[in-house]
Amino acid sequence: MSINYKIFNNVKAVLFDFDDTLVDFSTKAKDALDAVSKDIYTYIKENYRQEIDINIIKKLVEEESKKLDNQGEYNRNKWWESILKSLNIVHIDKSQLYDWTSLYWSIASQTEPYEDAKEIIEYLDSKGYKLGIVTNSDGEGGNKSSRLKTFPLIDKFDLILIAGEGGIRPKPNLEPFIISCEKLSVDPTSCVFVGDEPVKDCLAAKKANMISVLIDREGKVKNAELYADFVISSLKQLEEFL
C-alpha cells in the first residue's frame with residue numbers, strides 16, 4: 001500500500017487499541033479458551049452424562065467465541081451460555097458461568113507488551129504527540145482497567161478510554177472515537193488510530209474521520225486496504241511518517 005505522507009503533516013494525536021496492538025492478547029486468550037473447553041467438557045460429562053469428544057468442545061468454543069467477539073459481545077459469561085445452547089444445554093447456573101469467566105481471565109490477563117509497542121510509545125512521546133488508548137471493556141468478570149495498569153508505559157498516555165463502560169458504547173460504534181478526540185481537544189482528522197481489528201478498530205476509525213492504521217503482524221488480513229488507510233507489520237513503521 002503506497003503511503004501519502006502529506007496526510008500525516010497535521011497529526012497531533014496517536015491513539016491505540018490495547019489487546020493485540022500494544023500487548024499480545026491472542027496467545028494467552030487461546031490458552032484460556034483451551035482451559036475453559038476442558039472444564040466445560042468435564043461439566044457436561046459429570047452433570048449430563050453425555051459422551052462427547054473434547055475436540056468438538058474445543059472447536060465449538062473457538063468458533064463461537066470468535067463469532068461473538070466479532071459481533072462486539074465482550075461478556076464472556078454470554079460466550080459460555082451460547083456455547084452450551086449450541087449443545088442443547090440451557091438454564092445454566094450463573095455461578096458456573098462466572099467460574100468459567102474467572103478461569104478464563106486468570107489466564108488471559110497475563111499479557112506481555114510487544115517490544116515494538118514500548119519502543120514506539122517512547123518515540124511518539126519524545127516527539128510531543130498526544131497519546132491515547134481506546135479499548136473495549138472486558139465485560140462482566142473481567143477488569144480492563146486493572147490490565148491496563150500493568151502496561152509498563154501507561155503513564156505516557158494522555159487519555160485512556162474503556163468503551164462499553166461509563167455509558168460509552170463499545171467499538172465499532174463511533175462514540176468512543178469521537179469522545180476521545182473531544183477529550184484530547186483535537187480534530188479527528190488530526191488523529192491517527194492504530195489497531196489490529198479491521199472492522200472494530202480501523203473501519204470504525206475511518207468512519208469517525210480519523211487516519212486509520214492496521215497493525216497486521218502476520219499478514220493475515222485479506223483486502224486490508226478496504227478497512228484501513230495504511231497497513232503496517234510492526235509499530236516501529238510508524239516512525240516512517242510520524
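Give me D for region 1-69 in µm² s⁻¹, whole number, from Stokes-Einstein with Rh from the Kirkwood sum over alpha-carbon pairs, 20 °C and 1.002 mPa s. The Stokes-Einstein estimate is 138 µm²/s.
What trypsin sites (Lys or Arg not before Pro) in region 113-199 are in a loop by DSSP, with at most 11 other Cβ atoms within 10 Å of the Cβ? If you can, show how the numbers build up before the last one.
Details: sites: LYS118, LYS127, LYS130, LYS144, ARG147, LYS149, LYS156, LYS183; in loops: LYS127.
Answer in residue order: LYS127.
Which of GLN50, GLN110, GLN96 moves most in a GNM of the chain, Cα contacts under 10 Å? Of GLN50, GLN110, GLN96, the most mobile in the Gaussian network model is GLN50.
Quick check: convex hull over the Cα atoms of region 25-107, volume per residue in Å³, rounded to an integer?
Working: hull volume 7.0 nm³, N = 83.
Each residue corresponds to 85 Å³ of Cα convex hull volume.
Straight Cα distances below 12 angstrom link LYS206 to the aspartates and glutamates GLU225, ASP229, with same-chain residues fewer than 8 positions distant left out.
Neighbours of ASN47 by Cβ distance under 14 Å: Lys/Arg scored +1, Asp/Glu scored -1, total -3.
Each residue of region 60-74 was assigned a 3J(HN,Hα) from its phi angle through the Karplus expression (A = 6.51, B = -1.76, C = 1.60, θ = phi - 60°), giving 5, 4, 4, 5, 5, 5, 5, 5, 5, 4, 5, 7, x, 8, 9 Hz with x at Gly and Pro. Across region 41-58, computed HN-Hα scalar couplings (Karplus, 6.51 cos²θ - 1.76 cosθ + 1.60, θ = phi - 60°) run 4, 5, 4, 5, 4, 7, 9, 10, 6, 9, 8, 9, 5, 4, 5, 5, 4, 4 Hz from first to last residue, x flagging Gly and Pro.
With both bridge residues required to lie in the chain, what share of the DSSP beta bridges run antiparallel, to the nearest 5%? Present the calculation step by step, with values, prior to reporting the outcome.
On the way: 2 of 23 bridges.
Counting DSSP beta bridges with both partners in the chain, the antiparallel share is about 10 percent.
Once the C-beta distance of LYS30 and THR189 is scaled by a Förster radius of 35 Å, the resulting FRET efficiency is 0.40 to the nearest 0.05. Other residues within the sphere of radius under 12 Å centred on the Cβ of LYS59, judged by their own Cβ, net out at -3 (K and R +1, D and E -1). Once both labels are positioned 7 Å from their Cα atoms along Cα-to-Cβ, the gap between SER126 and ILE107 label points is 3.9 nm.
A short reminder: the numbers here are calculations on the coordinates, not readings from a lab. Source: prediction; values computed, not measured. Glycine also receives a Cβ, built like all others from the backbone with ideal geometry; neighbour counts cover every protein chain displayed.
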